[in-house]
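S.K.: Quick one: the structure is below, questions incoming.
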Amino acid sequence: MEQAILSVSELNREVKQYLESTQTFKNVFIKGELSNITYYSSGHLYFTLKDAKASVKCAIFKYKFRGVPTDLKEGDQVKIRGNASLYETNGSFQIIADFLEKTNTIGSLYEKMEILKREYNEKGYFDESNKKKLPQMPMNIGVVTAETGAAIRDIINTTHKRFPNVNIYLYPSKVQGEGSAIEVSRGIEFFNRICDNGELDLDVLIVGRGGGSIEDLWAFNEEPVIEAIYKSKIPIVSAVGHEIDNLLSDLVADRRAATPTQAAEILIPEKEKLVENLVVKKNRLSKSLLNKIVLMKKELEQREKNYYIKNYLNILNDKKIDMIEKEQKLTKEIKSRIEKSRENLKLKKARLSKFSVEDILKQGYTITRKDGKIVKRGIELSREDKVEIQFADSVRKAVMK
């Protein structure tokens, strides 16, 4: 049996595909010491991670968008998360990372954030049912961020480029370092308070800052900020410039934006497009109205040609004459019925009169009464009984013998 022979390229490709297809080496966490650190202008970061016995080459692409510290130096202890891979050209084994955290400064912040995330999730702070609806066209926006940072400039520039009429109100706050979480929370509380007092009517708040390492962004994972966002009556967009796992402010806010610029883009429609849409809708409505008018005009013309409408008066007169004839016929029928009823009554009266007391007496009959009661049989009378005998013309008294 002939043995298969691989080229170097084929071997490296097979190994690379194997490493990248297996789940064993995906999203693995590795800790070690940094060396050979190189930041490239392209936005990529290359370094070696080592311990006392071994080393491995690593790369992070677009590190600025992944919250990677920009001050890494030889000897720093770090933790990374990434996937194992192979660079085919030279057969170099490497880790392509998407997360890096210093462990010799603040400690394991990533694990700390996961613990806080579970805690607030159990409290219901991230429930969709708590999310407030963002306004369709906000005219007054409050911003809590650094006064001199790039975030506020990006928000102002983007907002006024899209819709110049929007008002922006800034609460300047520290967004990094000791006390920053307290200042951010005070900004949120301040805007809510002045809105409650009627001093200002804000439609929405943007809370955030530009990108940075997890240490730089940590204020947006702290309790004062999370509580202030959760309790805010004003809808809030969390706009912290990072691409790594969501910060807690992102999860508790009503909407998350990847950057301050994106927050403005989410909230503010472009005025020109709004005007264009209005023009389109206006034209569509005008066309619809014109079509309606044309249809109504045609319908009116058809009705004008209608026989009944053209001959309305004649038809009405015919109806009147018809009603008069029916009325006369009905009157005649009613009179005829009344006459018949009268004749029937006379006939019935004549029939009944044959059986009246008066008619019976006129025929020669009499009525005998004893003590006011009619005597029907002779046995009812005894000698010396006094009776009254009624004739047709008079009543006579008698005594029985």
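The values are calculated or read from the model by the stated rules, or taken from the named source; none is laboratory data. The structure displayed is predicted, hence computed values, not measured ones. When we count neighbours, we look across all protein chains shown, and the Cβ atoms used for this are built from the backbone with ideal geometry, even at glycine.
S.K.: Of all residues in region 176-195, count the ones that are modelled with pLDDT of 95 or more and among the acidic types (Asp, Glu).
M.R.: 2
S.K.: Let me ask another. Looking at 236, 229, 214, 206, can you tell me which residue is of a type in the set (A, V, I, L, M, F, W, C), out of contact with any Leu (no Cβ under 8 Å at 6 or more places or on another chain) and in the same structural domain as residue 152 (by TED's automatic domain parsing)?
M.R.: It is 229.
S.K.: Give the residue, chosen from 293, 315, 226, that is touching a helix residue (DSSP H, G or I) at 6+ places or on another chain (Cβ under 9 Å), farther than 24 Å from residue 130 by Cβ and either free of Cβ contacts under 8 Å to residues at least 24 places away in the same chain or part of a helix (DSSP H, G or I) (or both).
M.R.: Matching residue, one of 293, 315, 226: 315.
S.K.: Based on this model, can you work out whether residue 322 counts as more than 30 Å from residue 61 (Cβ to Cβ), touching a residue at least 12 places away in the same chain (Cβ under 8 Å) and out of contact with any helix residue (DSSP H, G or I) (no Cβ under 7 Å at 6 or more places or on another chain)?
M.R.: It is false that residue 322 is more than 30 Å from residue 61 (Cβ to Cβ), touching a residue at least 12 places away in the same chain (Cβ under 8 Å) and out of contact with any helix residue (DSSP H, G or I) (no Cβ under 7 Å at 6 or more places or on another chain).
S.K.: Taking residue 53 as the residue in question, decide whether it is surrounded by fewer than 16 Cβ atoms within 10 Å (Cβ to Cβ), over 32 Å from the mean Cα position of the chain (by Cα) and not aromatic (Phe, Trp, Tyr).
M.R.: The answer is yes for residue 53.
S.K.: Further, regarding this structure: Return the residues of region 205-253 that are within 18 Å of residue 139 (Cα to Cα), crowded, with 24+ Cβ neighbours inside 10 Å and of a type in the set (Val, Ile, Thr); say none if nothing qualifies.
M.R.: If the condition is that a residue be within 18 Å of residue 139 (Cα to Cα), crowded, with 24+ Cβ neighbours inside 10 Å and of a type in the set (Val, Ile, Thr), then 206, 207, 236, 237 are the ones that fit.
S.K.: Let me ask something else. Can you confirm whether residue 80 is closer than 30 Å to residue 260 by Cβ, touching a Cys at 6+ places or on another chain (Cβ under 7 Å) and among the aliphatic types (A, V, I, L, M)?
M.R.: Yes; evaluated as a whole, the condition is true for this residue.
S.K.: Can you tell me which residues in region 148-162 are surrounded by 13 or more Cβ atoms within 10 Å (Cβ to Cβ) and not in a helix (DSSP H, G or I)?
M.R.: 149
S.K.: Another question, then. Looking at region 80-106, I want the residues that are in a strand (DSSP E or B) and modelled with pLDDT under 90 and have a partner that is of a type in the set (Ser, Thr, Tyr) and surrounded by 19 or more Cβ atoms within 10 Å (Cβ to Cβ) with Cβ atoms under 9 Å, at least 6 apart or on another chain. Which pairs are those?
M.R.: Every condition considered, the pairs that remain are 101/213; 102/213.
S.K.: Can you tell which of 38, 24 is closer than 17 Å to residue 94 by Cβ, loosely packed, with under 10 Cβ neighbours inside 10 Å and in the same structural domain as residue 84 (by TED's automatic domain parsing)?
M.R.: One residue alone meets the criteria, 24.
S.K.: So which strands (runs of 3 or more DSSP E) are wholly in region 1-76 and hold at least 2 residues that are in contact with a Ser or Thr (Cβ under 8 Å, 6 or more places away or on another chain) and of a type in the set (Phe, Trp, Tyr)?
M.R.: The strands (runs of 3 or more DSSP E) meeting that bar are 45-50.
S.K.: Within 28 Å of the chain's Cα centre (by Cα) and over 20 Å from residue 148 (Cα atoms): which single residue out of 225, 204 fits that description?
M.R.: 204
S.K.: Do you know which residues across region 353-375 are in contact with a Ser or Thr (Cβ under 9 Å, 6 or more places away or on another chain) and at pLDDT 80 or above?
M.R.: Correct list: 374, 375.
S.K.: Does residue 16 meet the test of being closer than 24 Å to residue 211 by Cα and touching a residue at least 60 places away in the same chain (Cβ under 8 Å)?
M.R.: no
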